[in-house]
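The structure under discussion appears below in the form of structure tokens.
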Amino acid sequence: MAQVSAGVDPARSAVFAPLSDVGRAELVERRLQDAITSGVLHDGERLPSESQLGRRLGVAVVTAREALEALRDAGLIQTRRGRDGGSFVTFDPETARRFTDERIRALSRVELRDASTHYSAIAGMAAELAADRAGEEDVRGLRELVEQEDLSSEGGARRAVARFQLEVAALSQSPRLVREELRLQSEIGSLIWLGLREPDNRAHSRAARVAQLDAIGAADTEAARAVAVRRIAAGVEWLLDEKSRLEVAAESAEQSAPSPR
């Protein structure tokens, strides 16, 4: 059974996976912005060069350059010249929260629920097939992975979830499901798992992963699918509640703002 390599970080792999709609700097910018604000890419981390970024994302060098320029203007990266130069992440919690809040408010509830439905279908089928096809050694490896998770930070928790999701997809023995899981992580994962910024949600998420792992180990396909779907639904419900909170806060701020003379 082929599993994800121990040296692979699925969350980071999703950041630099090829784009499905090439030629748009906005997509590159959004992909990197999400990775920076979610903590997948660390403060001070050096990004690939323009040419390397273009090759990995499947876009032209000029497109990668435009995206990096936009991120630089937004204060999310800085560029240094010279032998040890390059583009480096400049993570600022306040700036990161502002970008994330704007992203949440920009998405409609219909879009969020539709993304949840799609992701649930992929993750649910992967979990069902993993429960049917995984061997004892596979389950033991997945359990060790869960036991070694570092949930002390939001970024660490997101990486733990990303790796678990991709490992389960690998255990399904379906290359298509693996590719789709990776694509969804890059497109919507940064939002669906946003609730991991709260410690209680990290604990609940881990408990749910353990339950899903137990179902896979017991070859209980129905339970494995059900837990996978519930995990994603919980993430989206938190996101919808956060969207409502942000909208109420914005409306309150507008009403309390002084009227123009």
May I ask for the angle, rounded to the nearest 10°, between helix 136-147 and the longest principal axis of the chain, with both axes built from Cα atoms and the value confined to 0 to 90°? 40
From the phi angles alone, apply the Karplus equation (6.51, -1.76, 1.60; θ = phi - 60°) to the stretch 197-213 and give each ³J(HN,Hα) in whole Hz, x where the residue is Gly or Pro. 5, 9, x, 4, 5, 5, 5, 5, 5, 5, 4, 5, 5, 5, 5, 5, 4
Excluding residue 128 itself, calculate the net charge of residues whose Cβ lies under 9 Å from the Cβ of residue 128, where each Lys or Arg counts +1 and each Asp or Glu counts -1. -1
Taking the stretch 11-97 and dividing mean pair separation by its residue count, relative contact order in percent (alpha carbons under 8 Å, at least six apart): 34
Sticking with the crude label model, points 7 Å out along Cα→Cβ, report the distance from residue 179 to residue 106 in nm, one decimal please. 2.8
Would you work out the relative contact order for the stretch 106-252, in percent, from Cα pairs under 8 angstrom that are 6 or more residues apart? 38
Environment charge of residue 109, counting only residues whose C-beta is closer than 13 Å and scoring Lys/Arg +1, Asp/Glu -1: -3
Sort the stretch 134-223 into rounded, prolate or oblate with this rule: let a ≥ b ≥ c be the square roots of the eigenvalues of the Cα gyration tensor; rounded if a/c is under 1.5, and if a/c is not under 1.5, prolate when a/b is larger than b/c, oblate otherwise. oblate
Using alpha carbons only, how many degrees (0 to 90, rounded to 10) separate the axis of helix 61-73 from the longest principal axis of the chain? 70
Express in nm, to one decimal, how much length is gained between residue 79 and residue 45 on full extension, taking 0.36 nm for each residue of separation and deducting their alpha carbon distance. 11.1 nm
Can you work out ³J(HN,Hα) from phi for every residue in the stretch 107-112, in order, using Karplus 6.51 cos²θ - 1.76 cosθ + 1.60 and θ = phi - 60°, giving whole Hz and x for Gly and Pro? 8, 7, 5, 5, 4, 5
Would you please classify the overall shape of the chain from the alpha carbon gyration tensor, given that a ≥ b ≥ c denote the square roots of the eigenvalues, rounded means a/c under 1.5, and beyond that prolate means a/b larger than b/c while oblate covers the rest? oblate
So residue 24 and residue 245, fully extended at 0.36 nm per residue minus their Cα-Cα distance, gain in nm 76.4 nm
Between residue 113 and residue 253, what is the spin-label point distance in nm, taking each point 7 Å from the Cα along the Cα→C-beta axis? 2.7
Normalising by the residue count of the chain, find the relative contact order in percent from Cα pairs under 8 Å and 6+ residues apart. 24
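Values quoted throughout were computed directly from the atomic coordinates according to the rules given, and no laboratory measurement underlies them. Since we're looking at a predicted model, the values are computed, not measured. Cβ coordinates were reconstructed from backbone atoms using ideal geometry, including for glycine residues, and neighbour counts include every protein chain displayed.
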